[in-house]
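What follows is one structure encoded as structure tokens, with my remarks underneath.
The values are calculated or read from the model by the stated rules, or taken from the named source; none is laboratory data. Computed from a predicted model, the values in this text were never measured in an experiment. Please note: Cβ atoms are built from the backbone with ideal geometry, for glycine as well, and neighbour counts cover all protein chains shown.
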Ligand SMILES: [Fe+2]
Ligand SMILES: [Fe+2]
């Protein structure tokens with residue numbers, strides 16, 4: 001019932017961006033039907049718990065997302081280390097990622113992880129900033 005100051009469009013953009021992360025890594029990891037079921041269950045549980053949390057405290061909800069995003073930045077950094085060490089094969093980037101991030105046609109997994117990690121750092125800053133604004137409101 002009040003002006004959202006552009007928060008909704010920012011968060012919708014973030015959700016769409018995360019959707020592209022998921023679709024990209026589904027292409028790379030090729031999860032089995034069992035793993036897909038686990039992902040759907042995890043999404044269902046997270047969605048409902050987060051919804052309830054948001055009703056109680058949007059500040060805490062954005063703060064938690066900020067920390068989760070920071071954890072994602074850390075995980076993708078470890079992923080890069082693994083790619084460079086040869087633990088993970090630096091496969092060709094899927095077309096969906098090349099199109100979305102406008103990567104060169106010969107882009108590899110490493111290029112994708114770098115742009116995804118940049119996205120996560122942006123999400124981290126946005127969500128901590130939203131939590132700060134709610135804290136100071
Ligand atoms: Fe993500
Ligand atoms: Fe994120």
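For region 12-30, a residue qualifies if it is touching a helix residue (DSSP H, G or I) at 6+ places or on another chain (Cβ under 9 Å) and more than 11 Å from ligand 2 (Cβ to nearest atom), and the qualifying residues are 23, 24, 25, 26, 27, 28, 29. Considering only region 26-44, I want to know if a residue exists there that is closer than 16 Å to residue 65 by Cβ and surrounded by 10 or more Cβ atoms within 10 Å (Cβ to Cβ). Within region 26-44, one or more residues are closer than 16 Å to residue 65 by Cβ and surrounded by 10 or more Cβ atoms within 10 Å (Cβ to Cβ). Taken over region 3-15, the criterion of being within 11 Å of ligand 1 (Cβ to nearest atom) and without any contact (Cβ under 8 Å) to a residue 60 or more places away in the chain is satisfied by 15 alone.
Only a single item in (1) under 30 Å from residue 4 (Cα atoms); (2) not in a helix (DSSP H, G or I) is not met by residue 125, and it is number (2).
Among the residues of region 45-53, some residue qualifies, meaning at least one is more than 26 Å from residue 110 (Cα to Cα) and within 14 Å of ligand 1 (Cβ to nearest atom). Picking from 88, 100, 79, 74, which residue would you name as being modelled with pLDDT of 95 or more, within 16 Å of ligand 1 (Cβ to nearest atom) and farther than 16 Å from residue 123 by Cβ? Going through 88, 100, 79, 74 in turn, just one is modelled with pLDDT of 95 or more, within 16 Å of ligand 1 (Cβ to nearest atom) and farther than 16 Å from residue 123 by Cβ: 79.
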